[in-house]
Amino acid sequence: MTTPRIALVLYAHQPVGNLEEGVQRALREAYLPALAALEAHPKLKSNLYLSGALLEWIERLEPIALSRLAALRSKVEFIAGAMYHPLLALTPKADVLGQVKAHTSLLEKYFNATPRGVWTPEFAWEAQLPALLAQTGLEYTILPDNLFQAAKIDKGLLFATEEMGQRIRVFRGIQATLESTPLLTADTVLLVKLEDIVGRVKGFSALLEHLEHFETMRLSTMLDASRRSQVVYLPNAKPSHGSSWREVLHTQTGIGHLQQRLRYASEKLNAVFRVPEEAFLHLWRAQDSAVFQDSGASRNYLRFEAYRHLIQAENLLEPRKYGWLEIDYRDLDLDGTPDAIAEAHTMNLYFSASHGGGILEFDAREVMANLCDPFSQPLSLTDHFLEPEATTFENFADGTYLELGDFVDGLYEIGKYRDRVTLTRLGTVRGPAGAPVAVEIKKAVRLKPKENMLEIEYQIHNKGDWDIVTRFGSLWNFALLAPHSKERQFVVGKQVVSDLGATAEYRNIQSAGWRDEWLGAALTFEFPRETTLWTHPVYYQGQYQSSVFMPLWDIDVPKRRSRRLEYTVKLEQLKS
C-alpha cells in the first residue's frame with residue numbers, strides 16, 4: 001500500500017490597523033509556538049502563506065522570527081498572495097496585480113523564495129477569479145473542500161479551473177482540527193489556520209508528530225507530478241455569517257461607501273503617471289479584507305485605519321501646498337442618482353442624494369481621519385422633525401421617538417454653485433392632528449477649506465395649508481474611536497462637559513463641539529442664536545461606533561412661510 005502524500009499548508013493574516021495587543025497575543029500564543037514546532041520537526045516539508053500585512057507586523061514586533069523562517073526555506077514552500085489580503089472580487093484588478101507583485105517581492109527579500117502559488121484571501125472565491133489569478137503569472141491556488149462538495153466533486157486533489165479561457169490550477173484543501181489527529185488514507189492537502197493554534201499548541205505539535213509517518217511535500221512538487229488536471233467550475237463561496245461576501249456592502253451603508261471610495265481612489269491613482277510607490281502601499285493597506293467581513297466591519301478602529309491609509313494615499317497624490325477646491329457630481333454608489341463630491345487641500349466631503357442628503361464622509365486631510373463614518377447610524381447632516389414636548393433626548397437616543405418628517409432617508413436633489421453644495425427635498429411633516437403638510441428643505445453647505453470651515457444654511461419652507469410647530473434637528477455622527485477617554489471630550493462653550501459616551505442635553509448654547517487630543521483635532525459648532533444640543537453614543541453588537549451630536553431648534557413655520565437656520569462648523573488642529 002502506497003503511503004499517502006501530505007501537503008501541510010499553514011496560513012495566517014493580521015489586519016492592517018489591528019490592535020497591537022491582539023497581534024502580540026497571536027505571536028506569543030500561535031505564530032512563535034508554530035515556528036518552534038516546525039523547527040523541532042526538520043524532516044517535515046510544509047507550505048506557508050503569511051500575508052504581507054502580517055510580515056510587516058512581524059518585522060516590527062518580532063524581527064528575529066523572519067530570520068528563523070528564512071532558515072527553514074529548504075523545507076518550506078512560501079505561497080504568495082495579494083500583499084494586504086483584500087477580497088479579490090471586491091478589489092480593482094490593477095490593485096490585485098500590484099499587490100501580488102509586492103508580496104512576491106517581499107517573499108524574495110525576506111526568504112529568497114520564488115513562489116509558484118497564489119492565495120485566495122478568506123477563500124472568498126467567485127467564478128470570475130480564474131482570469132484574474134491567471135494574470136498574476138502564478139500557477140495554483142488552494143480552496144477548501146466545501147466548494148468542491150457544493151460542485152458535487154467528491155474525489156480528487158488537483159484540478160484546473162478557467163474563466164474566458166484563462167486557467168489556473170487549484171488544490172482541494174481539507175481543514176484540519178487540532179483536537180485529534182486526522183485519518184489520512186489518501187493524498188491530502190491539509191489546511192491549518194495558525195490563529196487556531198491559540199490554546200491548542202499541544203494539538204498542533206501532535207499533528208506534526210503524526211505527519212512524521214507520511215510523505216510530506218511541497219505543493220509545487222505535487223503540481224509538477226500531475227501535469228494533467230480535470231477542469232472544474234466551482235460555485236461562489238459563502239461566508240459563515242451570510243449568503244454572500246458582498247452582503248455587508250448593502251446591509252451596512254458605511255461599508256458599501258468605503259468599498260466605493262476605495263474604487264474611486266484606485267481610479268485616481270492608476271490614472272496618473274509616476275505616482276509615488278508609497279501612495280499605492282497606503283491604498284492597498286486600506287483594502288484589507290477584515291473591514292468587509294461581518295466580524296471586522298463593526299470594529300471601528302479597523303475602519304478608521306482603512307480611511308487613514310486611503311487619505312494618506314490621496315494626500316501623496318494631490319497637491320496640498322496651495323488652496324484649492326473642486327466640487328463635482330458622481331454617482332459613486334451606482335444607484336442612478338448623482339451625488340456630490342467636494343475635494344479640497346484640507347478636506348473632502350461626500351454627499352449622498354439617496355440617504356437624506358447627508359454627509360457620508362468628512363475627511364480631515366491634515367490629521368488623516370474620516371470624522372463621519374456612518375456605520376450602523378444615519379449619515380451626518382440629516383434632518384429630523386420631532387414633537388417638541390413628547391420627544392426627549394433619552395427616547396431619541398434609544399430609538400423610541402416618533403419622527404414627524406420623511407427627510408432622514410429621503411431622496412434629495414443635489415446642486416453645486418462655486419463653493420457650495422445644495423441639497424433640496426420636497427417632503428412632508430405631520431402637522432395638526434397628524435395631517436401631512438408639504439415642506440421643502442433646502443440646505444446649503446459652503447466650503448471654506450482655507451479656514452477649515454463649513455457654513456451651513458437651512459431654508460425650511462411650509463408649502464402646505466397648515467401651520468406647523470415642531471422641533472428641528474440637524475444630526476451629525478462623529479466616529480472618534482472611544483466613548484470613555486480623557487483624550488476625547490465634548491465641549492460646550494469653553495468648558496469640557498463629558499466624554500463621548502454621554503447621553504445628555506445642553507440648553508441655551510451658542511458654541512459646542514469636541515476635542516480629540518489623540519487625533520490632534522478639535523471641531524466647534526457656532527450658532528448665531530441659542531440652541532439645544534443632544535448627544536449620545538452609538539453601539540452595534542456591544543461595540544462603540546460613534547457619537548451623535550445634534551443641535552435642535554424649536555420652530556413654528558406658518559403656512560406659505562419660511563424659516564432660516566444657520567451655523568458654522570470649524571475644524572482646528574491642536575498644538576502638540
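Please treat every number below as a calculation from the coordinates, not as lab data. The structure displayed is predicted, hence computed values, not measured ones. Please note: Cβ atoms are built from the backbone with ideal geometry, for glycine as well, and neighbour counts cover all protein chains shown.
General observations
- Taking amide H as placed 1.01 Å from N in the peptide plane, ALA521 has its amide H under 5 Å from the amide H of ASP516, LEU574, each at least 5 places away in sequence or on another chain.
- In this structure, the amide hydrogen of GLY81, modeled 1.01 Å from its nitrogen in the peptide plane, lies closer than 5 angstrom to those of THR104, TRP119, counting only residues at least 5 positions away or on a different chain.
- The phi-based Karplus calculation (6.51 cos²θ - 1.76 cosθ + 1.60; θ = phi - 60°) puts the 3J(HN,Hα) values of region 415-425 at x, 9, 7, 6, 9, 10, 10, 10, 9, 10, 8 Hz, whole numbers, x for Gly and Pro.
- FRET efficiency, 1/(1 + (r/R0)^6) with R0 51 Å, evaluated for TYR540 and ARG73 via beta carbons: 0.70
- With Cα atoms defining each centre, region 485-500 and region 284-311 are spaced 27 Å apart in the structure.
- Taking a ≥ b ≥ c as the square roots of the eigenvalues of the alpha-carbon gyration tensor, region 256-298 is classed oblate because a/c is 1.5 or more while a/b is no larger than b/c.
- Across every pair of non-identical alpha carbons in region 485-575, the mean reciprocal distance, once inverted, gives a Kirkwood radius of 14.4 Å.
- Built from the Cα atoms of region 329-573, the convex hull projects on average onto 12.9 nm², one quarter of its surface area.
- All-pairs Cα distance distribution in region 5-231, expressed in whole percent, bin size 5 Å: 1, 6, 15, 19, 21, 18, 12, 6, 1, 0
- Scalar couplings 3J(HN,Hα) for region 338-355, obtained by applying the Karplus form with A = 6.51, B = -1.76, C = 1.60 to θ = phi - 60°, are x, 10, 10, 10, 10, 10, 9, 6, 10, 7, 10, 10, 10, 9, 10, 5, 7, 10 Hz; x denotes Gly and Pro.
- A quarter of the convex hull surface defined by the alpha-carbon atoms of region 213-340 gives 14.0 nm² as the mean projection.
- In angstrom, the C-alpha Rg and Dmax of the chain are 27.4, 93.
- Along the axis of the charge dipole computed for the chain (Cβ charges of +1 for Lys and Arg, -1 for Asp and Glu, origin at the Cα centre), the listed residues THR346, GLY356, TRP57 are led at the positive end by TRP57.
- Reach of LYS463 by Cα under 26 Å, taken over lysines that are not fewer than 8 positions away in the same chain: LYS416, LYS442, LYS443, LYS559
- The chymotrypsin sites (Phe, Trp or Tyr not before Pro) of region 291-338 meeting both criteria, a DSSP state outside H, G, I, E and B (loop) and at most 16 other C-beta atoms within 10 angstrom of the site's C-beta, are TYR322, TRP324.
- Scanning residues 5 or more positions from VAL189 or on other chains, those with amide H under 5 Å from its amide H are ALA7, ILE174, with H placed 1.01 Å from N in the peptide plane.
- Cβ charges +1 (Lys, Arg) and -1 (Asp, Glu), total dipole of the chain, debye: 1140
- Applying the criteria of a DSSP loop state and at most 11 other Cβ atoms within 10 Å to the trypsin sites (Lys or Arg not before Pro) of region 501-566 yields ARG560.
- Cβ crowding within 10 Å averaged over residues, with 269-279, 464-474 ranked highest first: 464-474, 269-279
- When LEU194, LEU219 are sorted by how many other C-beta atoms sit within 10 angstrom of their C-beta, beginning with the fewest, the order is LEU194, LEU219.
- ³J(HN,Hα) computed for each position of region 37-44 - Karplus, 6.51 cos²θ - 1.76 cosθ + 1.60, integer Hz, glycine/proline x: 5, 5, 5, 7, 10, x, 7, 6
- A compact globular protein would have a Cα radius of gyration near 2.2 N^0.38 Å; the ratio found for region 141-288 is 1.37.
- Equivalent-ellipsoid semi-axes for region 350-450 (Cα gyration tensor, √(5λ), whole Å, largest first): 27, 19, 10.
- Largest-first ellipsoid semi-axes for region 299-342, taking √(5λ) over the Cα gyration tensor eigenvalues, angstrom: 22, 20, 7
- Beyond 29 Å in Cα-Cα separation lie the following of the pairs LYS43/LYS93; LYS155/LYS193; LYS193/LYS268; LYS75/LYS238; LYS93/LYS238: LYS43/LYS93; LYS193/LYS268; LYS75/LYS238.
- When only alpha carbons of region 479-520 are considered, Rg and Dmax amount to 10.2, 29 Å.
- Using only the C-alpha atoms, the convex hull of region 381-421 corresponds to 93 Å³ per residue.
- Region 1-93 shape via C-alpha gyration tensor axes, a/c threshold 1.5: oblate
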